[in-house]
Amino acid sequence: MKYLICSLLLLAVLVLGCWLTAGRVAALTDQIVQTLDSAYHAALRGDMAAASQAVESAHARWQDHQGFWGCFLRHAETDDLTYSFESMRCYAQLADTEETLSRIVELQAMLHHLADMELPHYYNFL
């Protein structure tokens, strides 16, 4: 009986931890996606200075949570996102509108995938 209670308690802790981590990842990625969305619209208007500033703001937000990403997420995905951020920053600084727009959309898709990947599913536990 002791083992059953301990097992159920451990399962509850794992589900709660997964749920809290997924919520935090979703909140952080949503903030970054919104900042990138403002960069996208600025680049569409041709205001590459504002777009570059928004890109830098999104990158700073990504960097601020680097420890969290490293502890709770797969390193392959976070490394890919880090490289994509650097590429996007470079194109934004060069004022290459088309490439910046493309990289922003790509990065937003990667961030949405990162948040979706952390959602708890029954097969994650079994």
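The values are calculated or read from the model by the stated rules, or taken from the named source; none is laboratory data. What you see is a predicted model, and the numbers here were worked out from it, not measured in a lab. A quick note on method: Cβ atoms are made from the backbone with ideal geometry, for glycine too, and the neighbour counts reach across all protein chains shown.
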Restricting to the range 69-102, what's the tally of residues that are charged (D, E, K, R) and under 13 Å from residue 59 (Cα atoms)? 2
Restricting the search to the range 38-91, which residues are under 19 Å from residue 109 (Cβ atoms), out of contact with any His (no Cβ under 9 Å at 6 or more places or on another chain) and of a type in the set (D, E, K, R)? 61, 74, 79, 80
Please determine, by comparing only the residues of the range 1-35 that are within 28 Å of the chain's Cα centre (by Cα) and hydroxyl-bearing (Ser, Thr, Tyr), which one is modelled with the lowest pLDDT. 21
Taking the condition under 14 Å from residue 103 (Cα atoms), part of a helix (DSSP H, G or I) and of a type outside the set (S, T, N, Q), does residue 22 pass? no
